[in-house]
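Only the coordinates and a few stated rules stand behind these numbers; no lab work does. All values reported here derive from a predicted model rather than from experimental measurement. Here the Cβ positions follow ideal geometry from the backbone for every residue, glycine too, while neighbour counts run over all protein chains shown.
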Ligand code: FES
């Protein structure tokens with residue numbers, strides 16, 4: 001086999017070096033940018049660092065076997081092996097490293113205790129434990145959060161979840177560390193024997209506890225559930241399997257959460273603005289957890305074995321090759337995450353992170369970990385908002401995969417503890433979200449900087465960040481949600497397209513028409529658009545994205561629909577794309593932004609005014625295969641355009657919708673159907689009274705969502721087989737006909753079954 005030429009960086013790659021241990025994604029930045037798949041002679045592995053390649057590897061668990069996921073990276077010597085054997089150590093395959101066809105039946109048999117409904121029962125236990133631990137040090141002014149809380153609470157939670165009695169905690173802690181070093185690390189020869197004893201003891205302890213549980217398997221723990229399942233499916237859930245899962249479960253549920261939380265707190269305290277935001281607005285916590293898992297999760301990399309010759313990222317990899325897939329690097333891939341190194345707790349697609357893996361082997365305990373992390377952050381931001389990092393050097397247990405600081409020293413002034421002034425500060429305030437966060441929950445404080453009338457009943461409102469920081473970038477077609485009137489809990493919000501200058505990083509501008517039959521949104525905006533007023537917004541989000549590769553653009557606006565169209569026209573002009581703007585209104589006085597548009601677009605702007613008896617004749621537009629039409633306006637206008645588009649090339653017309661009536665679910669007229677999830681190996685039943693999105697979430701499958709009305713496109717899933725019943729307003733005619741994508745929040749099946757790439 002020839003692997004030449006090997007670049008200098010590939011030759012030098014060493015995951016046990018301080019560089020990798022301190023910051024794995026930074027350490028392999030060169031690879032992500034220049035050589036995303038390379039052979040590491042020092043490790044004897046192929047190393048993969050880009051998001052798409054890694055996701056494709058997770059997706060195909062037949063070609064890329066997980067069988068080496070727990071294999072020791074440094075084989076132990078004969079002496080240590082003899083020690084392990086003396087304990088009867090026989091750690092078998094577990095859910096993490098088992099191949100098909102054995103893996104999926106076991107996963108299916110054992111997954112019910114991980115569903116969001118089942119996990120909700122554990123929330124009070126996690127909350128009480130966390131509080132008790134914070135009580136122990138809150139008056140001290142200084143703590144090592146790893147030693148004093150983050151290790152023991154997840155361990156106790158893991159024990160509760162598994163159904164293990166709370167004892168031998170210190171011993172377990174030692175065993176658990178030893179297990180990590182044994183599997184992922186490079187113990188020195190003289191350490192190996194000591195580690196082997198600890199691992200052997202861990203193995204025996206797990207066996208003893210399991211025997212105790214067998215005497216009475218009626219308890220609520222996952223192990224007792226497994227013992228009961230064994231009676232039903234003895235050849236699927238075997239004795240040795242339960243023993244291995246018991247030990248692996250303790251490590252998986254406990255150590256990864258402890259590390260992930262230590263990483264998250266370190267990251268947040270290193271970004272005091274983000275920490276302050278969470279202190280002020282706990283509704284940001286679920287998404288912040290996701291961004292912490294993305295930016296600095298507790299899993300740096302996983303391993304896979306190529307079972308046949310295969311090409312990854314254009315590089316041929318022979319059968320039998322071992323792969324180190326650096327998920328922490330995938331989480332910093334610019335192609336997947338805009339401004340990927342930037343830590344942004346409001347990042348919309350943070351939950352695309354691969355820290356939990358993906359597909360059939362995705363971490364089953366992900367939602368337990370998310371719940372714990374949310375509770376830790378809620379308790380600490382509420383009770384110790386003035387906490388800061390102490391000066392320290394961070395150290396990590398050397399290994400390729402599990403990652404978290406061994407100590408995390410923090411300090412604060414106990415005299416300033418909020419609960420000394422108000423006892424109520426000890427009460428929980430954040431609602432824990434079990435499952436993937438919704439971008440609906442993430443809001444931002446802004447201040448009204450100016451309000452300018454810009455047409456009859458239209459106010460142009462300029463918003464700046466409440467803390468004078470830059471605002472996230474936006475692209476033409478984006479909108480923000482203005483939260484109207486409820487103080488930030490998102491009860492009522494309205495969407496308004498951005499119409500200012502995308503290069504202005506400090507301000508957003510919207511133009512809002514006071515509707516006569518307003519649902520309250522525009523009336524609220526007009527009443528509260530006062531200079532200096534504090535508002536909350538969500539976004540920006542873009543469901544109406546401009547294709548900047550278009551040769552020609554026809555941009556059509558009716559009334560206040562000019563707001564996204566004006567931003568698109570500005571962009572088309574800047575890019576030098578051939579474009580025209582068609583703008584209709586009732587009277588000239590009612591047409592917002594008209595002077596600006598005229599000044600900027602001159603002859604390219606055509607206006608149609610009802611009371612001047614000029615109207616746009618859509619049928620007369622000549623739309624060829626190189627032209628894209630973007631339109632926003634009243635539904636009457638959009639219906640007429642849709643009718644005219646029957647004569648245009650497929651997919652030429654792109655429409656911005658703010659409302660849909662198609663997505664309402666009426667169980668009396670629906671039929672149930674099944675979905676097979678190819679990547680996860682599951683088949684689920686979608687009842688007539690449930691959306692596909694709800695069914696997926698209940699089965700612990702992560703799918704993003706935003707509007708949940710078929711408007712935004714964020715819940716799109718790929719369809720491999722079956723006939724889709726489209727109910728969204730996002731996909732174009734051609735996209736619907738191709739039958740390859742659907743919106744999980746509203747669309748259903750015409751056929752009895754769909755096969756999805758999930
Ligand atoms: Fe918006 Fe489904 S969540 S289309």
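Numbers below:
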{"item": "Nearest-ten-degree value, helix 222-232 long axis tilted from longest Cα axis of the chain", "result": "80"}
{"item": "Inter-probe distance in nm under a simple model that places probes 7 Å from Cα toward Cβ, at residue 528 and residue 85", "result": "7.2"}
{"item": "Point-to-point label distance, residue 689-residue 421, nm (Cα→Cβ direction, 7 Å offset)", "result": "4.9"}
{"item": "Sequence-separation-based contact order of the chain, relative, with Cα cut under 8 Å and 6+ spacing, percent", "result": "11"}
{"item": "Cα long-axis angle, helix 169-184 against the chain (0 to 90 degrees, to the nearest 10)", "result": "80"}
{"item": "Mean separation of Cα contacts under 8 Å (6+ apart) over length of the stretch 520-642, as relative contact order %", "result": "30"}
{"item": "Ellipticity estimate at 222 nm from DSSP helix runs (n ≥ 4, -39,500 (n - 2.57)) divided over the chain, nearest 500", "result": "-10000 deg cm²/dmol"}
{"item": "The stretch 598-657, relative contact order in percent, only Cα pairs under 8 angstrom and at least six apart counted", "result": "34"}
{"item": "Sorted peptide list for 219-231, 618-630, criterion being average Cβ within 10 angstrom, highest first", "result": "219-231, 618-630"}
{"item": "Cβ-based exposure ranking for 434, 250, in which fewest neighbours within 10 Å come first", "result": "434, 250"}
{"item": "Virtual paramagnetic centre 7 Å along Cα→Cβ of residue 270, amide N under 16 Å, in the stretch 7-30", "result": "18-29"}
{"item": "Zero-based 5 Å bins, Cα pair distances in the stretch 692-758, whole percents", "result": "4, 20, 31, 28, 15, 3, 0"}
{"item": "Angle in degrees between helix 635-644 and the longest Cα principal axis of the chain, rounded to the nearest 10", "result": "90"}
{"item": "Rh by Kirkwood over Cα pairs, then Stokes-Einstein D for the chain at 1.567 mPa s and 4 °C, µm²/s", "result": "46"}
{"item": "Size-normalised alpha-carbon gyration radius of the stretch 269-323, reference 2.2 N^0.38 Å", "result": "1.91"}
{"item": "Length released on extending from residue 238 to residue 319, taking residue separation times 0.36 nm less the Cα-Cα span", "result": "26.1 nm"}
{"item": "Cβ-derived FRET efficiency at R0 56 Å, residue 669 paired with residue 67, nearest 0.05", "result": "0.70"}
{"item": "Peptide ranges 567-579, 363-375 listed from the most packed, as the mean C-beta count within 10 angstrom indicates", "result": "363-375, 567-579"}
{"item": "Within the chain, percent of DSSP bridges classed antiparallel, to nearest 5", "result": "70"}
{"item": "Computed FRET value (nearest 0.05) for residue 191 with residue 450, which takes r as the C-beta separation and R₀ as 60 Å", "result": "0.35"}
{"item": "The stretch 531-620 shape via C-alpha gyration tensor axes, a/c threshold 1.5", "result": "oblate"}
{"item": "Gained length - residue 128 relative to residue 406, 0.36 nm times residue gap less alpha-carbon distance", "result": "97.6 nm"}
{"item": "Distance between modelled label sites at residue 721 and residue 515, nm, 7 Å Cα→Cβ extension", "result": "4.4"}
{"item": "Estimated FRET transfer efficiency (residue 468, residue 18; beta-carbon r; R0 35 Å; 0.05)", "result": "0.40"}
